[in-house]
Amino acid sequence: MSCSDKLACMLLVAACTFCLNVYAHGVHIYLDDQLDFELLSSKARQPENIAGATNLIVLSKIEDMTVHYVKSSRKRAIKSLQQSNVAACNINMIKNEQRKSEYLFSLPVNFYWAHKLYSHHDLSKAPLPVLNTQNEISSLVELFKSYNETAIVIAENFSYGDFLDAQLDEIDRKNLIFRGGADHYETVYRMFISKRVDFLLNYPAEFHRFSNHVNLPVRSYRIAGSPKIIVGHFMCNNTEVSRQFIAKVNQIMLSMYDKPPFLNAHFDYLPKKEHQELKAFIEQYFKRSLQAD
């Protein structure tokens, strides 16, 4: 065998070894929600919300790559993404400006009507700057200037998107109560509904899920200027395997946006009157994604 043949063989072996290592390690998906962990790791449950249903569809279509599900608090998961050389991702993450500079993001995996502010107070009786003419919160900052002895519960290590994050950053820390937990959606809901705090920011779909779709004696308000739809992504650290995983997710998403299984994964957890409007938004997003691609 000539030197060139030996060199070619060595390069081939090295390449194959690299590929085997890539797929042997696979990608680690960190989950802070016990229900998500049981749903995705063992398929022992049925989805209970939009995020669970959409993530299950996508991850069940991942082929030729091992996916490891790891139960972890969101705080530890973020730390792992920052420090690990192994491909690692979080699900249901909002893409904000800070995160875009540090992590890789998939195309949107789920679509939610944007957060509303839930309140035990009748804000129509508040000073004028709190509500605008559309009965929306003019700004969270103005709200807590008027209600400066109240508190809002905020999920720890959670982004509400650039728009709301900027407003929350301006609120006095004494008005903010941060909570983590195995399921931050349920944790903050329980704290609010037990009246341990006055206000809650939450997705309407998640609020109604925990209230069992029963009308409760609370009020809800949109925040003026906030996005109408919030999209959730896979957010991964920047490794070769992570890039391959994101590419697979994006390929899957582009094949699903206009298909009944993906749309129904949203509709199953929303009132029927909201289906067509959300469908139109997803279809518009799908068309824009194809044009960009």
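The values are calculated or read from the model by the stated rules, or taken from the named source; none is laboratory data. Remember, it's a predicted structure, so these values are computed and weren't measured experimentally. No Cβ is skipped: glycine too gets one built from the backbone with ideal geometry, and neighbour counts run over all protein chains shown. Remember, those area values only see protein heavy atoms, side chains included, never the ligands or the DNA or RNA. Shrake-Rupley method; radii C 1.70, N 1.55, O 1.52, S 1.80 Å.
The residue that is most open to solvent (accessible area, probe 1.4 Å), counting only those in region 239-263 that are free of Cβ contacts under 8 Å to residues at least 60 places away in the same chain and of a type in the set (S, T, N, Q), is Gln251. Asp122 falls short of the stated requirement of being modelled with pLDDT of 95 or more, more than 22 Å from Val70 (Cα to Cα), over 12 Å from the mean Cα position of the chain (by Cα) and open to solvent by 20 Å² or more (accessible area, probe 1.4 Å).
Residues of region 166-204 that are open to solvent by 70 Å² or more (accessible area, probe 1.4 Å) and under 19 Å from Glu142 (Cα atoms): Asp169, Glu170, Asp172, Arg173, Lys174.
Residues in region 208-236 that are more than 16 Å from the chain's Cα centre (by Cα) and within 30 Å of Gly26 (Cβ to Cβ): 0 in all.
Which residue is nearest to Gln98 (Cα to Cα), if the candidates are limited to region 166-176 and must be of a type in the set (D, E, K, R) and in contact with a helix residue (DSSP H, G or I) (Cβ under 9 Å, 6 or more places away or on another chain)?
Only one residue tops the list, namely Glu170.
Among the residues of region 177-202, the one identified as more than 20 Å from Ala151 (Cβ to Cβ) and either in contact with a His (Cβ under 9 Å, 6 or more places away or on another chain) or of a type outside the set (A, V, I, L, M, F, W, C) (or both) is Asp183. Ile171 fulfils the conditions (1) part of a loop (DSSP other than H, G, I, E, B); (2) touching a Phe, Trp or Tyr at 6+ places or on another chain (Cβ under 7 Å); (3) closer than 23 Å to Ser73 by Cβ; (4) of a type in the set (A, V, I, L, M, F, W, C) except for a single criterion, (3).
Looking at this structure, is Gly225 crowded, with 18+ Cβ neighbours inside 10 Å and closer than 27 Å to Glu136 by Cβ? No; evaluated as a whole, the condition is false for this residue. Total residues in region 46-77 satisfying the condition of being polar (S, T, N, Q), surrounded by fewer than 20 Cβ atoms within 10 Å (Cβ to Cβ) and within 13 Å of Asp36 (Cα to Cα): the figure is 3.
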